[in-house]
Amino acid sequence: MNFVTPILAFFATALMIVLLRPVAISIGLVDIPSERKSHSGNIPLIGGLSIFVGALTALSIHYSFVAGGLASFSSLPALFCAALVLLAIGAWDDYQELPALARIVAQIIASLIMIYFGGVVLVDLGHLGLSDTVLYLGIFSIPFTVFATLGVINAMNMCDGLDGLSGSLALIALLGFGIANAMWGTPEYQQMLIVFSACVLSFLMFNLRTLWRPKAWVFLGDAGSMLLGIVLAWVAIALSQGEQRVISPAAALWFLMVPIYDAVSMMVRRLLRGRSPFEADREHLHHIFLLAGFSVGETVTLMTGFAIGGVVVGLAGTYFAVPDIYLALLFLGGGIFYYWVIRRAWRVMRFLKRSICRRAETSEPVVAGRRQIDAATYSGMDRRSRIDRRDGGS
């Protein structure tokens, strides 16, 4: 196995973070703290650009001098082209807030690049049909692929609410896909998965809170969360389609369990309350943990553990050849339970506070009833706002 390429990716990403950080601060590409945000100081939003450059550098060198050209991974240019579209619109959005429609259009363009130039498309949903037959999408293949891709991209964006959370969830998914591909797949995607894992790991070295650094040094930004979203959607679809598929579409869902559960439950709950599905709030699972008294580090660790559990189920289901319909129904059942938990967030917080997180005081008191939690949790946005970001920048 080639270890030079991922090492190069790791250090290239780290170098870009170090070089871009003062530039981002000088031009105002930073996230400014406010009453709606838990961080302090102006944090540069360069994680996405650094990951992109690190991966592009490492994979370009790998396929130019090690693997003997792009013939072994012909869809790589399309992947980076789609990622570049999202990176550009995301960086613009990070610098000066854009309408939601602009982001959706960019995501659709990136999805179409993936479909028509990368050849990555959802042709079927696996053996979910009657009599264990393959459920083909037919004429709905392309629109369903676009819908699924936008879902993953925005799910990753919604998870970007705590230091290290979105990056950790992406890393677990990438490693899970890498393990599955190493066991049952071909070398085509293996190097790409390893390289992006190395880039995300490098970013987390600057994004996670540690004993020697109490706050993040850089953030992903919308550019970074959308970049990770398109990469994960691409891999999930590519590995779950075709005669030589590595995993089934039902198993692929488990590798993205936490982002999917979180995004779908939030959007359904908002719709039922007559709110926009894209209007942010503070009732995500990580907010529940924070309100229950867990620290940011503890919350990220717990949710990463949930993500690992999802990957284990996906791998085990593939290894033991569990029928797709069972994996899908189990995933659906888990999603319903997740939604039930979110709908009863105030009770879950009190349970966690009393039964698990036994602390005398918390920075935010656990509220006593549903009306109180609604008032508290809807007072701010879970997604870091870019409004007035440049005002007061350092």
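The values are calculated or read from the model by the stated rules, or taken from the named source; none is laboratory data. Being a predicted model, the structure only gives us computed values, none of them experimental. Glycine gets a Cβ as well: all are built from the backbone with ideal geometry, and neighbour counts include every protein chain shown.
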Query raised in the report: Do we have R209 as among the charged types (D, E, K, R) and either assigned to a loop (DSSP other than H, G, I, E, B) or within 30 Å of S74 (Cβ to Cβ) (or both) here?
Result: yes
Report summary line: The residue from L112, L98, L169 that alone is surrounded by fewer than 24 Cβ atoms within 10 Å (Cβ to Cβ), under 21 Å from the mean Cα position of the chain (by Cα) and modelled with pLDDT of 95 or more is L112
Query - Residues within segment 1-21 that are within 15 Å of F196 (Cα to Cα) and not in a helix (DSSP H, G or I), tallied - result: 2
Query raised in the report: In segment 201-231, which residues are buried (at least 24 other Cβ atoms within 10 Å of the Cβ) and more than 25 Å from E97 (Cα to Cα)?
Result: S202
**Report entry** Number of positions in segment 302-348 that are outside any helix (DSSP H, G or I) and within 15 Å of H284 (Cβ to Cβ)
**Finding:** 1
Requested in this report: Quick one: D163 ticks every box in (1) within 22 Å of V235 (Cβ to Cβ); (2) touching a residue at least 60 places away in the same chain (Cβ under 8 Å); (3) in contact with a Phe, Trp or Tyr (Cβ under 9 Å, 6 or more places away or on another chain) except a single one, so which number is it?
Outcome: (1)
**Report entry** Candidate set from segment 258-277 (those that are without any contact (Cβ under 8 Å) to a residue 12 or more places away in the chain and of a type in the set (D, E, K, R)); member that is surrounded by the fewest Cβ atoms within 10 Å (Cβ to Cβ)
**Finding:** R273
Requested in this report: Filter segment 212-231 down to residues that are of a type in the set (G, A, S) and in a helix (DSSP H, G or I) and give me whichever is farthest from P22 (Cα to Cα).
Outcome: G229
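To keep it simple, each residue is scored yes or no on (1) modelled with pLDDT of 95 or more; (2) part of a loop (DSSP other than H, G, I, E, B); (3) within 17 Å of G317 (Cα to Cα); (4) of a type in the set (K, R).
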| residue | (1), (2), (3), (4) |
| --- | --- |
| C199 | yes, no, no, no |
| A233 | yes, no, no, no |
| A236 | yes, no, yes, no |
| I247 | yes, yes, yes, no |
| A252 | yes, no, yes, no |
Query - Subset of segment 128-147 that is among the hydrophobic types (A, V, I, L, M, F, W, C) and touching a residue at least 12 places away in the same chain (Cβ under 8 Å) - its residue that is farthest from I104 (Cα to Cα) - result: L128
Query - Counted residues, segment 123-145 - those being touching a Leu at 6+ places or on another chain (Cβ under 7 Å) and assigned to a helix (DSSP H, G or I) - result: 3
Query raised in the report: Of (1) surrounded by 23 or more Cβ atoms within 10 Å (Cβ to Cβ); (2) in a helix (DSSP H, G or I), D163 satisfies all except one. Which?
Result: (2)
